[in-house]
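Trainee: Here you go, one structure.
The values are calculated or read from the model by the stated rules, or taken from the named source; none is laboratory data. Predicted model, so just to flag it, every value in this text is computed and none were measured. Areas reflect the complete protein model, heavy atoms only, side chains present, ligands, DNA and RNA absent. Shrake-Rupley method; radii C 1.70, N 1.55, O 1.52, S 1.80 Å.
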Amino acid sequence: LQMAFHVAGCDNVIASLWKVDDKTTAALMAKFYHELWVEQKPVIDALREAQLLVYKRPDLIPDLAGTRGAPRRQAEAVRTDSGDPPPEDRPEDAPERTPPKFWAAFALSGVGR
């Protein structure tokens, strides 16, 4: 499938290697496109930032994903540059990290620019 997109003229293709939860995918893509379009980062860096966000902040996934038809929380409000959030910013029942099955499925094919 990736090759078909490349033959059709796409420089970069991001594909999932296995089925991933819809909310997690929506959150990852919201952050990815923010990093790509607003922050003007290369594709590979934008994908990395999105994966780091999903990995480090599982408590933000529902807010970033939103619900169908409802406006999403703005991805620019979420920063991963500073590392882990202060403990007071994380809900008490929030898990420490998101399992890899949710963020590691996404792979970039192409030049990454």
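Trainee: On average, how much accessible surface per residue is there in the stretch 1-55, in Å², for a 1.4 Å probe, leaving out ligands, DNA and RNA? It would help to have the intermediate numbers written out before the result.
Mentor: Working: 3240 Å² over 55 residues.
With all protein chains present, the stretch 1-55 gives 59 Å² per residue.
Trainee: Using Cα-only point scatterers and the Debye equation, what is log10 of I(q)/I(0) for the stretch 1-66 at each q in 0.11, 0.19, 0.28 Å⁻¹, rounded to two decimals?
Mentor: For the stretch 1-66, the Cα-only Debye profile gives -0.28, -0.78, -1.20.
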